[in-house]
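Shown next, in structure tokens, is the structure this report addresses.
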Amino acid sequence: MRIAFLGKGGSGKTTISVAYTLYLAQKKKQVLAIDGDVNMHMAPLLQTDQLWVHKHASDVQKYLEPALAEKGVPIIGTLPPTADAKYINVSKEDPFLKKYATVGLEDVPLLTVGTYESKDAGANCYHGKLQVLELMLHRLKDTKDQTAVCDMTAGIDALGTSLYMASDVNVFVVEPTLKSVQVYLDFAKAADEHSITTYALANKVVDQEDEKFLRQHIGEDMLIGIVPHSTLLRKIEQGEKGKIYDFVEINEGVFGRIEEKVSGVNRDYQAYMKELNRIYRLNCEWWYNDFYGSDLTKYIDESVNYEEVFAA
Ligand SMILES: Nc1ncnc2c1ncn2[C@@H]1O[C@H](COP(=O)(O)OP(=O)(O)OP(=O)(O)O)[C@@H](O)[C@H]1O
Ligand SMILES: [Mg+2]
């Protein structure tokens, strides 16, 4: 299963992503952490290093789509898997993860997309770097009892890539403020038009008035849980990193509800593939065909069926 945490800048995406990752790992569930944000903060909280996967984009393309890469075909992030595609398993032993993931607390593998380098200044957009994550997620062979937890870019930005539809559940972290709620409502409306359900998770809730405010603006059915404001976070940010476990313990109930919601989803593989094909076609027609001077839509491999891939 795949869950993405989104939210306005500073709402708590990284904190909640790491805490939920540790919650699952402590229950001995297989979990893969993915830092897909331009502001990369998962590694320090998981107490590990970063390996910037985007810097290895061409090797990743060769690994995941060897036949097309061999022929020199341009491989863009939304390319649906071909019959020759390689898949990634949610396991420390997976050869792709052995190469590109670092290992954090509780032995959790962490993939970090990476951020800008000085040479990118003024000329390079983060969505270019996120293509490597799109390529990976669309080839992640996760099972029902394994989870990939993605920390995503801030605000409504995820709608600009295929990442908004790559997870089984999107959880938007919302602070009790009008601005934070509005960003959630904007995202949820757009995602809903593409049949992607996005729940809201209240964070930094101080009192009953905060709670009432969020319930009024979001509605009971979409509010997946409430995480109280915690002074532990300041301590963690001051270097007492082990306190993240206390934060996990305090919020076990909320994480349990999220886990329940995620495990209740039955992925519609056909709809996923259809949407991916649609987005890839749009990418090609709006931009990449002209850029590469070739019709890239011919690389859609109609013989591939996710249901068969996942059943194998
Ligand atoms: N429940 C909470 N109680 C108190 N402080 C919190 C809580 N959750 C997060 N914080 C604090 O809020 C700040 C932002 O959190 P975090 O970095 O997780 O947000 P983010 O959405 O990932 O931010 P960015 O947009 O920069 O990636 C941090 O200082 C964090 O410690
Ligand atoms: Mg963050």
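The values are calculated or read from the model by the stated rules, or taken from the named source; none is laboratory data. Here the structure is a predicted model, which is why all the values come from computation and not from measurement. Neighbour counts are summed over all protein chains in view; Cβ atoms, including those assigned to glycine, are modelled from backbone coordinates with ideal geometry.
Summary of computed values
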| quantity | calculated |
| --- | --- |
| Matching option when the condition is modelled with pLDDT of 95 or more, buried (at least 16 other Cβ atoms within 10 Å of the Cβ) and either over 30 Å from GLN30 (Cβ atoms) or out of contact with any His (no Cβ under 7 Å at 6 or more places or on another chain) (or both), among ILE244, ILE250 | ILE244 |
| Residue ranges of strands (runs of 3 or more DSSP E) in the range 136-248 with at least 2 members within 25 Å of LEU276 (Cα to Cα) | 146-151, 169-174, 198-205 |
| Selection count where residues are assigned to a helix (DSSP H, G or I) and buried (at least 16 other Cβ atoms within 10 Å of the Cβ), scope the range 78-103 | 3 |
| VAL31 β-branched (Val, Ile, Thr) and within 16 Å of ligand 2 (Cβ to nearest atom) | no |
| Out of LEU223, LEU201, LEU233, sole residue that is within 16 Å of ligand 2 (Cβ to nearest atom) and surrounded by fewer than 19 Cβ atoms within 10 Å (Cβ to Cβ) | LEU233 |
| Hits in the range 188-224 (condition: over 17 Å from SER167 (Cβ atoms), touching a Leu at 6+ places or on another chain (Cβ under 9 Å) and small (Gly, Ala, Ser)) | ALA202 |
| Pairs, first without any contact (Cβ under 8 Å) to a residue 40 or more places away in the chain in the range 244-260, second outside any helix (DSSP H, G or I) and of a type in the set (S, T, N, Q), C-beta under 9 Å, six or more apart | ASP246/SER230; ILE250/SER230 |
| ILE3 being modelled with pLDDT of 95 or more, within 16 Å of ligand 2 (Cβ to nearest atom) and touching a Cys at 6+ places or on another chain (Cβ under 9 Å) | yes |
| Residues (out of contact with any helix residue (DSSP H, G or I) (no Cβ under 9 Å at 6 or more places or on another chain) and within 16 Å of ligand 2 (Cβ to nearest atom)) located in the range 204-220 | none |
| Near pairs, Cβ below 6 angstrom, 6+ apart or cross-chain, from the range 6-30 (closer than 20 Å to VAL174 by Cα) to any residue that is assigned to a loop (DSSP other than H, G, I, E, B) and within 11 Å of ligand 2 (Cβ to nearest atom) | LEU6/MET152; GLY9/ALA154; THR14/HIS41 |
| Matching entry among ALA200, ALA154, ALA188, ALA166 (being modelled with pLDDT of 95 or more and not charged (D, E, K, R)) | ALA200 |
| Extreme residue, surrounded by the most Cβ atoms within 10 Å (Cβ to Cβ), among residues of the range 6-23 that are within 13 Å of ligand 2 (Cβ to nearest atom) and aliphatic (A, V, I, L, M) | LEU6 |
| Only one of ILE279, ILE258 that is buried (at least 16 other Cβ atoms within 10 Å of the Cβ), under 20 Å from the mean Cα position of the chain (by Cα) and more than 18 Å from ARG139 (Cα to Cα) | ILE258 |
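Matching residues to (1) without any contact (Cβ under 8 Å) to a residue 12 or more places away in the chain; (2) within 19 Å of LEU137 (Cβ to Cβ); (3) in contact with a Lys or Arg (Cβ under 6 Å, 6 or more places away or on another chain); (4) within 16 Å of ligand 1 (Cβ to nearest atom):
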| position | (1), (2), (3), (4) |
| --- | --- |
| ALA4 | no, yes, no, yes |
| GLY36 | no, yes, no, yes |
| HIS41 | no, no, no, yes |
| LYS55 | no, yes, no, no |
| VAL73 | no, no, no, no |
| LEU79 | no, yes, no, no |
| ALA85 | no, yes, yes, no |
| LYS98 | yes, yes, no, no |
| LEU111 | no, yes, no, no |
